[in-house]
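Worksheet for the structure shown next.
Quick note: the coordinates plus some simple rules give every number you see, no bench work behind them. Source: prediction; values computed, not measured. Heads up, the Cβs are rebuilt from the backbone with ideal geometry, glycines too, and the neighbour counts pull from every protein chain shown.
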Amino acid sequence: MGTEEYVQLSELTDRTQRCKIKVRVSRRWTFDSKDSQEKKKRFDVVLIDEQGNQIQAVVPKNHSNTFLNVLEEGHVYHIENFSVQSRTDSYRPVQHEYLILIRWDTIVRGSSEAHPEIPKYNFDFVEFNKISLLPKENPNLKDVYGTLEGVSELMFRKGLMLKEIFLKNSSGTELKINLGKMQDKLMDNVITYATKRIGVGYKYFLNSTSATKIYVNLEIPEVLELQNSSTFKERNISLLQASSSVERNMKDRYLRNRKTLSQILQMLNRDSVGQVFTCTTIINDIVHDYAPFYKSCTKIGCRKKVIDKGDHYWCNNCNNAIPSPDARYQLKARIRDDTESTLITIFGDEAEALLKHSASELEKLMESANGIQTVKAIIDEIIGTSIVFEIKISQYNIQSQGRYGFTANKVFQVDYKLDSLQIQEDIEQQLPLERSTDIPNSSNKKNRTDKTYKRKAYVVIWTEYSNESSQTSVIRPPSKRVRKIKENKAKS
């Protein structure tokens, strides 16, 4: 059968009728199902033709048993009697506008020849520092490659089991990737080849999907070039303990999307709802017009204010009686930086960490002689403190345009060393010069564990991105050079 009888994948549309294709199965994965005990599961494949064009093909669960042992990864097939449909899903493993639906009568015939003219892979790589520039609406999943620098233990977070891995590219930039439980077994194999270094904080990260595929030491030009780079010679890997991973996440949150108060106020529009920023500020004053704490529901996940019913307290949110409510902080403060001032409300554990006193402790203290003045004096002690606040923009902030301030998601003590390292990194990324030997690498070897491996892996990951940008701002920049860089960033 001649080549001219086959249709190129780029020519397929939802109007295509009765055509034949000759393709290689480049990737295959099982689609996640809510029912883990389900015997039949849909699986998807990426098909690639001689021109390097790719398309996703879906095998519905009703036909999965028929084709499970037929469509094998890496093999070449002649396929006909299939449907072509427009895409309606949120994310696209490849950029093709359409996908193939395998039917009950689809003919799949394997080829005994090697077919070197059909490539095995075609990746859509994105540079680490370009991930934050991708539009949120971009449905195409992206590919990345780099040296595997570290792996966390399996952890439970937000109802999911996951591992965190950290890749580094040829320029020394690190990237964090959250891998779901489905990649757990594979990652155990990857660890035996991998290496790790502690980084300084992450401006963006990637999340895995059902379609995520990990390749180790793949023989493609990009990886081979990385393997031959002198930047990645003789490095060690650390298997991160859970505490080390949490510390990384805190550094990530501390540096994430740094803005000035003026910049945050100027960005209050409907597109910014849900966005998270950090800002370095000084607590200028405490607003004592409101009580610093309230009686709250004891149910974890609620913590709403309860109503005093005389013989008991009532939570409208839980629709339940609360015999002994907790005292919970609701601290209002006025904060400022070099650009603007605003109000911020600090709740619960974040206020307790700031004041170094529990709300119940201060509540009891108020019952003593001069208790109210004593409590005010304790709270006023944080006036003048430099704090980094994490702020999540709400619909209420948009409606009020920030007139009534914000709520603190997280409170951080200012880490001047971490800020300095981040500013140095920002400067190096903007300057057209090569890395200066006077600027130390932003590493933190103290967080490494004793468990190390001497081998090294170069990993290609096909995954989904999470779009977050970052901009560093501090109250007192350390130099004129840094101030000039910040001014240029603010103008852009």
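Tabulated data
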quantity: Region 3-110 - Kirkwood radius from inverse mean 1/r over Cα pairs (Å); calculated: 14.1
quantity: Under-5 Å amide H pairs with residue 87, H placed in peptide plane, nonlocal only; calculated: 99
quantity: Long pairs among 213/410; 356/417; 120/168; 299/392; 40/299, criterion Cα-Cα beyond 32 Å; calculated: 213/410; 40/299
quantity: Spherically averaged projected area in nm², based on the convex hull that wraps the Cα atoms of region 276-392; calculated: 8.3
quantity: Long-range amide H partners of residue 124 with built H, under 5 Å; calculated: 143
quantity: Total formal charge among the other residues, if their Cβ is under 11 angstrom from that of residue 26, Lys/Arg +1 and Asp/Glu -1; calculated: +3
